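Taken together, the values in this text are just the output of simple stated rules run on the coordinates, not laboratory data. Because the structure is predicted, anything quoted here is derived from the model rather than measured. Cβ: placed from backbone, ideal geometry, glycine included. Neighbour counts: every protein chain shown.
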Amino acid sequence: MERMINSDATNAGAPLTDLCKQLMSEVQRSYSEQQKLSDELLSSLHFVFQGPLSSALELVEKSSVTHIESPSGRALFQVIGTSGTPYTCFPNLRYCSCPAYNFSVLRKEDHLMCKHVLAIQLSEAMGRSKKQSVSDAEIGNMIKEID
C-alpha cells in the first residue's frame, strides 16, 4: 500500500508533464515544417504557460539559449536573460538560478516554469539552441557557482 501511495505521489504531475511534452512535440513539428508557430499553437502555449511565454519566445528569437556539455556527458543550459545576466538551468528538473524561479515557481506556485526554462524547451524543440563544449572541470565550476 505504501508503495502505491508513493507511486501515486510521484506521478501526480504526470498529466501536466505529458501535456508539456505534447506541446513541445507540436512546436517541433510545426517549426520544422513551417519555420513558425501557428496562432492556434501559440494560443495553446499561452493557455498553459501564460506570462512567461512571450518573454521566453523573445529569448529564443535573440538566440539566448546555450546547451553546454562536457566530455563526460554532464550537461546544462545557460540562458542570457533580458538584463544580460546569465542563468544556469537544468530543464529536466525545471530548475533555473533566476530569482523568478525561486519566487513564482517554488514559493507562489503560479507558474509551471520560469521564462528561462521555457525558452530552453522551446529553443530545443525549434532546433535553435547554441551548442558549446567545455571541459569537465569547467562544467563542474559552473555547477558549483550556482547561487
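Laid out as a table, the results:
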| quantity | calculated |
| --- | --- |
| Length-normalised contact order for the stretch 2-147 - Cα pairs under 8 Å, 6+ apart - percent | 27 percent |
| Unit charges on C-beta of K, R, D, E only; dipole of the chain, Debye | 200 debye |
| Proxy reagent accessibility, fewest Cβ within 10 Å first, across Tyr87, Tyr31, Tyr101 | Tyr31, Tyr101, Tyr87 |
| Candidates per trypsin sites (Lys or Arg not before Pro) in the stretch 67-120, loop by DSSP, up to 13 other Cβ within 10 Å | Lys108 |
| Fluctuation leader among Ala137, Ala125, Ala100 - the chain, Gaussian network, Cα springs under 10 angstrom | Ala137 |
| Footprinting exposure proxy for Leu93, Leu19, Leu122 (fewest neighbouring C-beta atoms within 10 Å first) | Leu93, Leu19, Leu122 |
| For Met126, Met24, order by how many other beta-carbon atoms lie within 10 Å, fewest first | Met24, Met126 |
| Subset of Lys108/Lys131; Lys36/Lys115; Lys108/Lys144; Lys36/Lys62 violating a 24 Å alpha-carbon distance limit | Lys108/Lys131; Lys108/Lys144 |
| FRET efficiency, 1/(1 + (r/R0)^6) with R0 35 Å, evaluated for Leu106 and Phe47 via beta carbons | 0.95 |
| DSSP-defined beta bridges in the chain - what % are antiparallel, rounded to 5 | 75 percent |
| Centroid-to-centroid separation of the stretch 15-35 and the stretch 103-145 [C-alpha atoms, Å] | 18 Å |
